[in-house]
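Notes follow the structure.
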Amino acid sequence: MKKLFIGIIVIVLGANFWNVYSQQKKATMSFEETEHNFGTIQESDGPATCEFTFTNTGSEPLIINRVAASCGCTSPSWTKEPVIPGGKGFVKATYNPRNRPGKFNKTVTVFSNAEKPTVVLRIMGDVTPKPRTIEDDYPYLIGGVRFKSNHMAFVKVNSGQQKTILFEMVNVSGDPVSLTFERVPAHLTLTVTPEILKPKEKGIIEATYDAGKKNDWGFVIDRLNVLLNGENIKNNILTVSATIEEDFTSLTSKDLEQAARIQFESKIFDFGKIAQKSSVSHEFVFTNAGKSDLIIRKITSSCGCTAVSPKEKVIHPGQSSSINATFSAGTRKGNQNKTITVITNDPKSPTVILRVKGEVETTASGN
């Protein structure tokens with residue numbers, strides 16, 4: 001009996017010893033700290049870096065598989081070689097404060113073969129923004145005049161109405177400058193104040209967009225040239241854009257009930273796989289499910305590879321029609337995803353997006 005008792009004790013002690021030994025064999029990542037506060041840093045000083053140091057307190061080599069930052073503003077680096085038991089390693093975190101004023105709190109996750117396979121490190125601080133320069137506020141330079149943008153965006157303009165915006169500029173040259181414009185469309189009126197900009201003087205362009213004169217629908221673009229003292233200089237193109245929409249805000253609930261309503265059988269055409277230099281066509285069938293005539297205002301495609309044509313532009317209530325879309329593969333290859341924008345007088349869905357997608361396979365002759 002005594003021998004049996006001693007045998008049981010030996011087995012139990014042996015099992016405990018094996019468990020302890022097995023646990024000790026695993027790699028263990030022990031960091032001196034898992035958080036770092038940069039305090040206040042200056043944006044003008046550029047990226048700030050801190051280093052987290054760890055020790056492998058286990059009994060197997062420790063390998064960091066990867067390190068992932070919570071955002072692109074933080075760049076990590078780390079010990080790439082295995083860290084032997086008792087050895088030290090590091091994980092560095094670099095935060096880029098450029099254009100990121102204010103407080104930040106970011107994480108860096110470490111993935112390894114350690115007993116605890118993931119460890120989250122944290123960096124924080126407060127970025128003091130650099131003093132703004134004239135280049136920051138007016139980044140686009142045309143000759144000796146800086147503009148806040150080279151794109152004059154009117155955003156939304158109701159059909160038949162006018163919209164006015166102010167466009168800021170500053171003369172950074174040492175000479176007086178007068179601004180005039182070339183290729184100005186009839187639907188755009190531009191007035192410069194003051195007429196002559198003195199050196200270092202700021203001014204504005206008052207721009208008025210007349211959607212009635214444009215006589216178009218949807219997103220439209222014009223490009224004009226800025227002339228300085230009558231000269232047509234390099235890189236002087238100013239882009240003007242607007243989205244012209246029908247104004248349905250005055251419609252009553254009764255008007256909406258009587259309005260046209262476009263209803264597609266399907267808004268997506270998947271052509272599967274086709275060869276290069278081939279084409280495929282599809283009819284997008286739709287019905288006027290409303291109580292008034294449906295008018296197709298405009299149809300555009302996202303690229304010249306897709307040709308679209310409506311069967312008819314006025315569809316009576318209850319009548320069905322279609323829009324033919326032909327996709328030409330040309331020398332394109334791989335996955336394709338093209339859109340067709342349909343603008344109508346349907347007040348509930350004035351803009352409908354249709355999609356043509358599929359894959360263009362590379363032919364032997366196309367390699």
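The values are calculated or read from the model by the stated rules, or taken from the named source; none is laboratory data. In this text the structure is predicted, and so the values were computed from the model without any measurement. Cβ atoms come from the backbone with ideal geometry, glycine included; neighbour counts cover every protein chain shown.
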Out of Lys198, Lys234, sole residue that is at pLDDT 95 or above and not assigned by TED's automatic domain parsing to the domain that holds Ile340: Lys198
Filter pass, Ala211 being buried (at least 17 other Cβ atoms within 10 Å of the Cβ) and aliphatic (A, V, I, L, M): yes
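Only one of Lys277, Lys338 is surrounded by 15 or more Cβ atoms within 10 Å (Cβ to Cβ) and over 24 Å from Thr249 (Cβ atoms). Can you tell me which? Walk me through it before giving the result.
On the way: Lys277 fails: surrounded by 15 or more Cβ atoms within 10 Å (Cβ to Cβ).
Answer to the selection: Lys338.
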Unique residue being touching a strand residue (DSSP E or B) at 6+ places or on another chain (Cβ under 9 Å) and either closer than 24 Å to Asn158 by Cα or surrounded by 14 or more Cβ atoms within 10 Å (Cβ to Cβ) (or both) when the list is Leu256, Leu294: Leu294
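Here is a yes/no grid of residues against (1) part of a strand (DSSP E or B); (2) farther than 16 Å from Gly125 by Cβ; (3) among the aliphatic types (A, V, I, L, M); (4) under 36 Å from the mean Cα position of the chain (by Cα):
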{"position": "Ser30", "(1), (2), (3), (4)": "yes, yes, no, no"}
{"position": "Phe38", "(1), (2), (3), (4)": "yes, no, no, yes"}
{"position": "Phe54", "(1), (2), (3), (4)": "yes, yes, no, no"}
{"position": "Ser59", "(1), (2), (3), (4)": "no, yes, no, no"}
{"position": "Ala68", "(1), (2), (3), (4)": "yes, yes, yes, yes"}
{"position": "Ala93", "(1), (2), (3), (4)": "yes, no, yes, yes"}
{"position": "Asn99", "(1), (2), (3), (4)": "no, no, no, yes"}
{"position": "Phe104", "(1), (2), (3), (4)": "yes, no, no, yes"}
{"position": "Thr107", "(1), (2), (3), (4)": "yes, no, no, yes"}
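Just for strands (runs of 3 or more DSSP E) wholly inside segment 118-231: which have at least 1 residues that are closer than 30 Å to Val108 by Cβ?
On the way: elements: 118-128, 140-142, 145-147, 151-158, 162-171, 177-182, 188-193, 202-210, 218-228.
Passing ranges, in order: 118-128.
Test of understanding: among Val314, Val285, which residue is within 14 Å of Lys267 (Cα to Cα), of a type outside the set (Ser, Thr, Tyr) and not assigned by TED's automatic domain parsing to the domain that holds Phe219?
On the way: Val314 fails: within 14 Å of Lys267 (Cα to Cα).
Exactly one residue qualifies, and that residue is Val285.
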Filter result (more than 11 Å from Leu354 (Cβ to Cβ) and within 30 Å of the chain's Cα centre (by Cα)) within segment 258-273: Asp270, Phe271, Gly272, Lys273
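Restricting the search to segment 277-291, which residues are within 30 Å of Glu257 (Cα to Cα) and in contact (Cβ under 8 Å) with a residue 40 or more places away in the chain?
Residues of segment 277-291 within 30 Å of Glu257 (Cα to Cα): 283-291.
Residues satisfying the conditions are Glu283, Phe284, Gly290.
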Leading residue by the ranking (surrounded by the fewest Cβ atoms within 10 Å (Cβ to Cβ)) among those in segment 297-335 that are closer than 30 Å to Lys277 by Cβ and of a type in the set (A, V, I, L, M): Ala307
